[in-house]
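Novice: Just dropping this structure here.
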Amino acid sequence: MSNTATLSHDLLRPEGDFSSPQEHVEWIALLKRIYHFTNPAEAERFLLEHDELIPYLLEADKHIKRVFGENIVDVCLEHASDPEEDYEGLFVTVKTNLSPEESLDLSDKFDDEWFLDYVPPEVGSILTVGVRPV
């Protein structure tokens with residue numbers, strides 16, 4: 001799939017063209033209904049600074065549900081930073097009720113069927129999706 005393909009969500013494109021701060025707040029409120037924000041203030045600040053992530057997070061939800069299905073226990077969104085490595089980004093953690101091997105197999109499927117082909121490197125450098133069996 002091309003990196004410039006439109007997302008299946010109505011009105012959103014990967015460029016994340018939002019016209020007002022109020023729309024940013026509304027999209028973040030929607031994301032908070034989809035993801036369990038583990039550190040909300042930091043994650044929201046990062047999303048406001050990197051609004052290009054919003055459409056990818058909305059689309060990722062659909063693919064996470066498709067791939068992991070009824071094995072999802074929770075899906076968390078966490079802001080992470082490492083000043084020593086000059087890194088800041090968001091981590092999506094899919095918590096599953098599967099074994100580590102089964103969880104990793106589905107994570108590979110998610111990457112192969114969507115993330116690696118669809119998410120451009122500049123987004124993938126600040127957005128990571130991982131899996132954790134619980």
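Values in this text are rule-based calculations from the coordinates and carry no lab data. Note that the coordinates shown come from a computational prediction; the quantities given were computed from them, not determined experimentally. Positions of Cβ are backbone-derived with ideal geometry, glycine not excepted, and every protein chain shown enters the neighbour counts.
Novice: With r as the distance between the Cβ atoms of Asp111 and Tyr87 and R0 = 22 Å, compute the FRET efficiency 1/(1 + (r/R0)^6) and round to 0.05. All intermediate terms of the calculation are to be shown ahead of the outcome.
Specialist: Working: r = 20 Å, r/R0 = 0.91.
That gives a FRET efficiency of 0.65.
Novice: Could you tell me which residue out of His50, Thr93, Val73 lies farthest along the dipole of region 49-106 toward its positive end? Charges go on the beta carbon: Lys and Arg +1, Asp and Glu -1, centred on the Cα centre.
Specialist: Farthest towards the positive pole: Val73.
Novice: Express as a percent, rounded to the nearest 5, the fraction of DSSP beta bridges in region 76-134 (both residues included) that run antiparallel.
Specialist: The antiparallel fraction comes to roughly 50 percent.
Novice: Also, I was wondering about something else. In whole angstrom, how long is each semi-axis of the equivalent ellipsoid of region 33-134, when you take the square root of 5 times every eigenvalue of its Cα gyration tensor and sort them from largest down? List each step's numbers first, then the result.
Specialist: Numbers: eigenvalues 97, 44, 35 Å².
Working from the Cα gyration tensor, I get semi-axes of 22, 15, 13 Å.
Novice: If you take the beta carbon distance between Asn97 and Ser125 as r and set R0 to 22 Å, what does 1/(1 + (r/R0)^6) give as a FRET efficiency, to the nearest 0.05?
Specialist: It comes out at approximately 0.10.
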